[in-house]
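Quick note: the coordinates plus some simple rules give every number you see, no bench work behind them. No experiment lies behind these values; they were computed from the predicted model shown. Please note: Cβ atoms are built from the backbone with ideal geometry, for glycine as well, and neighbour counts cover all protein chains shown.
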Amino acid sequence: MTPWILGLTGGIGSGKSAAAEHFTRLGVHLVDADQAARWVVEPGRPALEQIARHFGETVIRPDGTLDRAALRERVFEDPAQRKWLEALLHPLIRKEISDYLARAESPYAVLVSPLLIESGQYRMTQRVLVVDVPEHLQLQRTMARDGVSEAQVQAILKAQAGRDERLRHADDVLVNDRDPAWLQAEVERLHRFYLTLRGGQP
């Protein structure tokens, strides 16, 4: 039977990566949208050549890899360039994700993506799990983890879908405001429930 797809998302500092790790330990096939986004621009892939042609060699490092910081600067200043880049990359990332999901052998597979809602990737899933956390905890955790200022975290929060928008798309919500052991127990509880579902529905 074809595995059904669970979309897993959450704002920065919510603990979605930790939750994703627990699903993997339970033997669930996991695809990371961020990794797919990195794979499509690796040297030798057509997307990298097109980016180099469009933006010039300044976005390519001496070792032939993409200079993400340089590219980010170019597209953040210019919405038209960002649209061009998204039009190139989004279909490729979607295909990459689909290819990896198709290899799943577990009863369901997880697509973890920080931009599951914003990118429309939730349409590839049958069910959405949002790891949710109060904003003050998001700030604390991200500042501690990345050594960044509160203003930087606030800027990232603004760029991501609002909490309400994420929760509107959620079939399941995991409020991750306790300790790691509790998060693990919650993932195990959800996993047991997910194993009873057909096509992501009870």
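Quick notes
- Inter-label distance, residue 144 to residue 17: 1.5 nm, where each label sits 7 Å from its Cα along the C-beta direction.
- Residue of 30, 66, 101 that the Gaussian network model of the chain assigns the largest fluctuation, springs spanning Cα pairs under 10 Å: 66
- The candidate values were [x] 18.8; [y] 18.2; [z] 25.0; the one computed from these coordinates for Kirkwood radius over Cα pairs in Å carries the label [y].
- Simple Cβ-charge dipole of segment 102-152, Lys/Arg +1 and Asp/Glu -1, about Cα centre, in debye nearest 20: 240 debye
- The calculated 222 nm mean residue ellipticity attributable to helices in the chain amounts to -16000 deg cm²/dmol, summing -39500 (n - 2.57) over DSSP H runs of n ≥ 4 and dividing by all residues.
- Counting neighbouring Cβ atoms within 10 Å and putting the fewest first, the residues 8, 137, 174 line up as 137, 174, 8.
- Counting charges near residue 35 (Lys, Arg +1; Asp, Glu -1) among other residues having Cβ under 12 Å from its Cβ returns a value of -3.
- Point-charge dipole on Cβ atoms (K/R +1, D/E -1) for segment 40-105, about Cα centre, debye to 20: 160 debye
- The chain: antiparallel DSSP beta bridges as a percent of all, rounded to 5: 10 percent
- Computed extension length for residue 65-residue 167: 33.0 nm, one decimal, from 0.36 nm per residue of separation with the Cα-Cα distance subtracted.
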